[in-house]
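Notes follow once the structure below has been shown.
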Amino acid sequence: MTIRDATPADKELLLTLVDEFESELPPLPYADDTPEEDWERIEKRIREGVVLIAEEEGDAVGFTEAEFAKGHVFVVDLYVRERARQQGIGAALLDRVAEVARDRGLTHMELHVEERNTDAVRFYERLGFHNAAKVMRVALDELGPAERGAGESIGAVHVQSDDPDAVERVVGQYLPRVSRATSFAVEGGRGWTAVRLEPFSLDVLRKLGNELSFRFGVTIVLTLEQDAVVRFVVHDQGRMVDEYLSVPEFYGPLPPGDALALRANPTVVARLTGADASRVRAVARTADAPSQLPPARELYEQVADVMGLAP
């Protein structure tokens, strides 16, 4: 087996090898390059990078393409025809690329491989490659709102109790059953005891709010999520009686009835917390986007103040 540098005269051979290579890969969810586009980039790499062809008795059995970057060489493609596999040809092609890279003073080799191409992943791992980054992909139509995921999430379960020690005992017994990785702190106050979790988890807060409601009566989970939206969930005697989200469709479209259900019920809130219903109605408003409401942290503090909670 011999390895040689490719030349522009190898155009048809290289395009055939590329076509064979791509036909074996898991299909991409978008259009691939045309042969003309393939050749344009290959020809540039022949001039400025590395393009090698492996041959056995004059018959091409594999190829590789690589580009030079700051400090490393990036392997774009590596392919060995099926009949010639398990003979060390792929490793030999990479060795030759490494030789050229060392001569240029480079120190590392990088490449991308589809996770679904498990045979290739195992091959590279055997050669010593390891994960150094994660390539992520999303369909444009599935990309979430730009406002999502941009900020911090905080919150607490507020228990209608003046006995923080009793609340702490219940939390200490219950929390390990739902999340051993979560720690908590209990803060007493006038009429309410707050339970804060680390790290933040809306799911754990909701479960804890429900459990504490069985023991103490009324609980309110009040959260500021991603520095963008405010939520509260009210439980009474172990039953969820109201939920509010300042932007009901912040996490995605909802049926009209579900979006309507995420508006605050001032009457219920007033009955269980002693808040003024008109103030609840004025503060706990909903909108189509966070920008249509006061800044989320300000709204979070306003909602807490109306209910007499410590935000």
Spatial separation of Cα centroids for segment 38-114 and segment 167-187, in angstrom: 56 Å
Set of aspartates and glutamates near LYS134 by C-alpha distance (under 17 Å), chain-local residues within fewer than 8 positions excluded: GLU110, GLU114, GLU115, GLU125
Solvent-accessible surface (1.4 angstrom probe) belonging to ARG96, in square angstrom, nearest 10: 80 Å²
Packing-based ranking, highest mean first, of 45-53, 286-294, 172-180 given that Cβ atoms within 10 Å are counted: 45-53, 286-294, 172-180
Theoretical ellipticity at 222 nm over the chain - DSSP helices of four or more residues, -39500 (n - 2.57) apiece, nearest 500: -11500 deg cm²/dmol
Cα gyration tensor, segment 1-136 - rounded (a/c under 1.5), prolate or oblate: rounded
Where SER183, SER213 fall by accessible area, highest first, once all protein chains stay in place (1.4 Å): SER183, SER213
Sequence ranges 112-123, 58-69, ranked by mean other-Cβ count within 10 angstrom, highest first: 58-69, 112-123
Fraction of accessible area attributable to carbon and sulfur, segment 179-235 (%, probe 1.4 Å): 46 percent
Label of the coordinate-derived value, Cα extents along the principal axes in Å, listed as (1) 89, 39, 34; (2) 56, 49, 39; (3) 54, 44, 38: (1)
Contact order relative to length of the chain, as percent, for alpha carbon pairs under 8 angstrom and 6 or more apart: 10 percent
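The values are calculated or read from the model by the stated rules, or taken from the named source; none is laboratory data. In this text the structure is predicted, and so the values were computed from the model without any measurement. Note that each Cβ is placed from the backbone with ideal geometry, even for glycine, and that neighbours are counted across all protein chains shown. These accessible areas exclude ligands, DNA and RNA; they are computed on the full protein's heavy atoms, side chains included. Shrake-Rupley method; radii C 1.70, N 1.55, O 1.52, S 1.80 Å.
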